[in-house]
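Worksheet: the structure to be examined is printed underneath.
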Amino acid sequence: MRSPIPDFLDASLERHRYDLSGATADYIPDLASADPTKLAICISTLDGVEYDSGDADFEFSIQSMSKPFIYGLALEALGLPAVLDKVGVEPTGEAFNELSLDKSSGKPLNPMINAGALTVHALLGGKDATLVERTEIVRAGLSRFAGRQLRIDEHIAAGELGEAYRNIAIANMLRSYGVITDDPDEVVHGYINQCSVLVSVKDLAIMAATLAGGGTNPLTGEQVLSPRVNRQVLGVMMTCGMYDAAGDWMTEVGVPAKSGVSGGLFGVLPGQLGIATFSPRLDRHGTSVRGAKIFRSLSADLGLHIMNAPEPARSIIRRDRRFVDAKGDMVRIVSLQGLIQWAGAENVMREIAAPDDAVDVFALDMRRVYSINEVARRMIVEALRRLEGEGKRVVLLDPEDTMGCAGSGSALPDVEIVDSPKELRNLDLRGLRRVRDDFADQTS
């Protein structure tokens, strides 16, 4: 069967193909002469499957879309405090090329505007790094996100450098405030090299999926960013990535995103997918007109808004049964299911904590739990530990070690861990006679 997703993407492009509003960026020679008819989209899943339509293999310069990725690399290399000491995280409400600085410290308000991106670029490789070294750090770093070796278009870089008067002025102001200590012209040259790395929408979708997957590249499996740094990058993208249109973007589209004046636009839906579009005509904010409209359509049609409240999931507690064994002991078996996060763990703890002095043996069945986050795991482990402290016998049915309690370093050393229902029956729980079933089996 042919997947309907490519057909859906084809239809999405056709819906907006004949919108001719906006104009190409006229202050960069190669962008001013770009073919305005180019149009492309790509969606990447977290396991690296890509769905594309249009001019998906066409390469264009990454421009400002490089900013979140380079920010992440700087955070990994230097640590959050060192980078925050130089660049803030507050939205500006101003255009990307304004000199938006903190009034007290003089540092740029966020790393998504040019002043912040120039500062972040100057941090790469340390204070003694050369232009060549920083350029290679950028190229190699962006390649790790894309899962292939990217290259810099020297012609685009040369043309952009010849018109970089505003960025040179911003860099000189940053130098005068002591925010950067390197030669301003060299910093601008390196930053323009960064913006001149060539990508396609396929590359951008994989790069976006890397951020969506907690920093892990879906093609190579490399952990490019740690989860903490990845979260920081997405947080800044959400509030600052679309510059002075960030508020409208997040309320209408609801996907952390970053645009570039070459016409590219990518978005990240954490835990789900990465999306990228390309169309060279820009609106007054420097964002692709057709790209933004496609994102709005996708957000509405596919329910991608990050603030959409998920439909109520089936109960985390799949079944709650009570039996009496041959010795007359009351045995309670609670079976869990699905993805367990804080709210689900709270529900489990509430059920476990309910007064139930008649129960002698408590068994927790984790076979249908496919994921549990660390906070939920700690909550449930603590609940089981307290049951042990009350003198109850605790058994954990967890063949996949979802709880991470197997081995000598178990958080629950006294819990009996079994791998199958048969083993559960062999733990002197023979002759079980059902007393009560509080939850019907919802999957039978």
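The values are calculated or read from the model by the stated rules, or taken from the named source; none is laboratory data. Fair warning: this is a prediction, and the values are worked out from it, not measured in the lab. Every residue, glycine among them, receives a Cβ derived from its backbone with ideal geometry; neighbour counts consider all protein chains shown. Note: areas computed on protein heavy atoms with side chains; ligands, DNA, RNA excluded. Shrake-Rupley method; radii C 1.70, N 1.55, O 1.52, S 1.80 Å.
Things worth noting here:
- Residues whose amide H lies under 5 Å from that of Ile417, counting only those 5 or more places away or on a different chain, are Leu396; hydrogens are built 1.01 Å from N in the peptide plane.
- Per residue, the accessible area of the chain comes to 44 Å², computed with a 1.4 Å probe over protein heavy atoms only.
- Nearby lysines by direct alpha-carbon distance to Lys67 (threshold 16 angstrom, same-chain neighbours under 8 apart not counted): Lys86, Lys258
- Whole-Å distance, taken between Cα centres, linking segment 246-285 and segment 140-172: 20 Å
- Projected label distance in nm at Asp102 and Asp7, using a 7 Å step from Cα toward the beta-carbon: 5.4 nm
- Projecting the alpha carbon convex hull of segment 317-425 along each direction and taking the average yields 6.4 nm².
- Derived scalar couplings between HN and Hα for segment 224-236 equal 6, 10, 6, x, 5, 5, 4, 4, 4, 4, 5, x, 5 Hz in order, rounded to whole Hz, by the Karplus curve 6.51 cos²θ - 1.76 cosθ + 1.60 (θ = phi - 60°), x for Gly and Pro.
- Distance between the 7 Å Cα→Cβ label points at Ser33 and Arg350: 6.6 nm.
- Ordered from largest to smallest accessible area (heavy atoms of protein chains, 1.4 Å probe), the residues His305, His121 come out as His305, His121.
- Ranking Ile41, Ser61, Ser288 by how far each Cα lies toward the positive end of the dipole of the chain (charges on Cβ) leaves Ile41 at the top.
- In order along segment 262-268, phi translates into HN-Hα couplings of 6, x, x, 7, 10, x, 10 Hz, rounded to whole numbers, per the Karplus curve 6.51 cos²θ - 1.76 cosθ + 1.60 with θ = phi - 60° and x for Gly and Pro.
- The portion of the accessible surface of the chain made up by carbon and sulfur, rounded to a whole percent, is 52 (1.4 Å probe; DNA, RNA and ligands excluded).
- For the chain, the longest principal axis of the alpha carbon atoms and the long axis of helix 165-176 meet at an angle near 70°.
- Dipole of the chain, positive end: most advanced residue of Leu84, Gly271, Val229 [Cβ charges, Cα centre]: Gly271
- Between Glu14 and Asn172, the contour length at 0.36 nm per residue exceeds the Cα-Cα span by 52.4 nm.
- Multiplying each eigenvalue of the alpha-carbon gyration tensor of segment 125-175 by 5 and taking the square root yields semi-axes of 23, 17, 9 Å, largest first, rounded to whole angstroms.
- Point-to-point label distance, Glu400-Glu136, nm (Cα→Cβ direction, 7 Å offset): 4.4 nm
- With Cα atoms, 0 to 90° folded angle of helix 342-353 axis to the chain main axis: 10 degrees
- Size of electric dipole in segment 4-302: Cβ of Lys, Arg +1 and of Asp, Glu -1, about Cα centre, debye, nearest 20: 580 debye
- Cα radius of gyration and Dmax for the chain (Å): 26.9, 88
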